[in-house]
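Here's the structure we're looking at; comments come further down.
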Amino acid sequence: PLVVLSLSLVYFGYETMRKVQEQISEIPEFAVTATELVYEAVTGFDRQVRFYEDLVFMYDLNAIEKAEQAAAQISENFRKLKNIKGISKETRDKLDGSLKLLKDYTVSAGVVYREMSRTENYLENSENAKRVRNLGKEKDHLEAVFRGLSGVIRQELSRKIVTVSMAAKTRNNINALFSCLVITVSVLIIFLLIERSVT
């Protein structure tokens, strides 16, 4: 029984250490890659908005295409973010929701600004001004969503670090228990050898 118990503890300790090592290996990729992708998405959305403003204030007719390219890059970053090992289902759902909002905003903005670019003195048109204000509200909402997404990523990273810390403590406890068991078995074997020799 003592041998079976020893082997069981060895196996359990090995599995625990393997799982802890896997969790530890996830943290650098999660911390660096996820943070970079979210930051690039936020700055990319700023660029997208500035391109639309260039159309309005600088009469840059290529601005719409540039803005849509920026939106495509944000979508690609979000898809990469979803594939990072360790991303939770909750975060993936939030990414899907953010992608849908971004797509809706980009389509709406494309329609509005393309129609505006085809008319003269489009800034003086009250209907155009109203539609741009509505787009501004969508933009503010998306910015808030992106900020919330950054917070979710930071919280998830914090949870991962806490989980790994607790698992590491468990691993250390198992190692200590295993060491005690090895010492006990060694003393028992020595005692049995001495008893047999005396007998």
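Other residues within the sphere of radius under 12 Å centred on the Cβ of residue 68, judged by their own Cβ, net out at +3 (K and R +1, D and E -1). Translational diffusion of segment 51-106, estimated by Stokes-Einstein from the Kirkwood radius over alpha carbon pairs at 4 °C in a medium of 1.567 mPa s, is 103 µm² per second. Among the listed pairs 66/130; 85/137; 89/160; 66/103, those with a Cα-Cα distance over 25 Å are 85/137. Of 116, 58, the order by accessible heavy-atom surface (1.4 Å probe, DNA, RNA and ligands excluded), from most exposed downward, is 58, 116.
The values are calculated or read from the model by the stated rules, or taken from the named source; none is laboratory data. Everything quoted here is computed from the prediction, not taken from an experiment. Glycine gets a Cβ as well: all are built from the backbone with ideal geometry, and neighbour counts include every protein chain shown. These accessible areas exclude ligands, DNA and RNA; they are computed on the full protein's heavy atoms, side chains included. Shrake-Rupley method; radii C 1.70, N 1.55, O 1.52, S 1.80 Å.
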